[in-house]
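**Q** Questions regarding the structure given below will be posed in turn.
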Amino acid sequence: MKQYLQMHSDTVFAFIMTGITFAFGGWDKAFVAFCTFLILDIFTGMIKGASNGAFSSRRMRQGFKTKAGYLIVIILATTLDRLMPESMPILRTICLWFYIFVEGTSVLENLAQMGVPIPKAIVDRLAVLKGKSGEPAELDKDGHFKNNSPKE
């Protein structure tokens, strides 16, 4: 079996990457930007934690769980988009841009907390958007989504 895998490792790799590409809806610019920001957030978070003595494996594990959740939401959005008759990646695109904003903001916050100067134009743009991003989903005691819509 080991010899077979060595001989066919390129085929196995191509098969796995094809499945991943299909699940995430392709490697377009938005997905590449999201992956870049995701990696930069992990990297800057580790550096920040190490530099100020607050590195926490628990916090890092929680961050990885959150990022895995992002990836699952993107796969779900991609799958739902495939059900639409127009075959436009609307939900996937919304998710990607939302997570690009979340991760980009986190990278900038990490850098600012490490003392890296951030251009005022970027800080001003983010201040305008502050509080307008999505909130974490709230669950009731049974584990179902809470309905926070106004009652009529």
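The values are calculated or read from the model by the stated rules, or taken from the named source; none is laboratory data. Small disclaimer: the values here were computed from a predicted structure and weren't measured. A quick note on method: Cβ atoms are made from the backbone with ideal geometry, for glycine too, and the neighbour counts reach across all protein chains shown.
**Q** Quick check: anything in the range 21-43 over 19 Å from the mean Cα position of the chain (by Cα) and hydroxyl-bearing (Ser, Thr, Tyr)?
**A** Looking through the range 21-43, none of the residues is over 19 Å from the mean Cα position of the chain (by Cα) and hydroxyl-bearing (Ser, Thr, Tyr).
**Q** Only one residue in Val73, Val32, Val12 is modelled with pLDDT under 85 and of a type in the set (Val, Ile, Thr). Which one? Spell out how you get there, then give the answer.
**A** Values: Val73 fails: modelled with pLDDT under 85; Val32 fails: modelled with pLDDT under 85.
Answer to the selection: Val12.
**Q** On to the next question. Let me spell it out: the conditions are (1) more than 18 Å from the chain's Cα centre (by Cα); (2) at pLDDT 70 or above; (3) of a type in the set (S, T, N, Q), and Thr105 meets all of them except one. Which number is the exception?
**A** The number of the failed condition is (1).
**Q** Filter the range 54-73 for residues that are among the small types (Gly, Ala, Ser) and out of contact with any helix residue (DSSP H, G or I) (no Cβ under 9 Å at 6 or more places or on another chain) and give the result.
**A** Result: Ser57, Ala68, Gly69.
**Q** Could you count how many residues in the range 55-94 are more than 19 Å from Phe31 (Cβ to Cβ) and more than 12 Å from the chain's Cα centre (by Cα)?
**A** Qualifying residue count for the region: 11.
**Q** Let me ask something additional. Which of the residues belonging to the range 19-67 are in contact (Cβ under 8 Å) with a residue 40 or more places away in the chain and within 25 Å of Val116 (Cα to Cα)?
**A** Listed by number, the residues that qualify are Ala33, Phe34, Phe37, Leu38, Leu40, Asp41, Thr44, Gly45, Ile47, Lys48, Ser51, Asn52.
**Q** Can I ask one more? Restricting to the range 69-99, and then to whatever is of a type outside the set (Phe, Trp, Tyr) and in contact (Cβ under 8 Å) with a residue 60 or more places away in the chain, can you tell me which residue is nearest to Asp41 (Cα to Cα)? Quick ask: steps written out before the conclusion?
**A** Of all residues in the range 69-99, those of a type outside the set (Phe, Trp, Tyr) come to 69, 71-96.
Then keep just the ones that are in contact (Cβ under 8 Å) with a residue 60 or more places away in the chain; that gives 89, 92-93, 96.
Values: Pro89: 25, Arg92: 21, Thr93: 20, Leu96: 15 Å.
Taking the candidates together, the pick is Leu96.
**Q** Taking only pairs six or more apart or across chains, which ones have beta-carbon atoms under 7 Å, a first residue in the range 111-124 that is within 18 Å of Ala54 (Cα to Cα), and a second residue that is surrounded by 10 or more Cβ atoms within 10 Å (Cβ to Cβ)?
**A** Matching pairs, first to second residue: Leu111/Thr44; Leu111/Ile118; Ala112/Ile118; Gln113/Lys48; Met114/Ile47; Met114/Lys48; Met114/Ser51.
**Q** Conditions: (1) closer than 21 Å to Thr21 by Cα; (2) surrounded by 16 or more Cβ atoms within 10 Å (Cβ to Cβ); (3) of a type in the set (D, E, K, R). Glu86 meets all but one. Number of the miss?
**A** (2)
**Q** Between Ile118, Ile47, Ile90, which is β-branched (Val, Ile, Thr), within 18 Å of Phe34 (Cα to Cα) and modelled with pLDDT of 75 or more?
**A** Ile90
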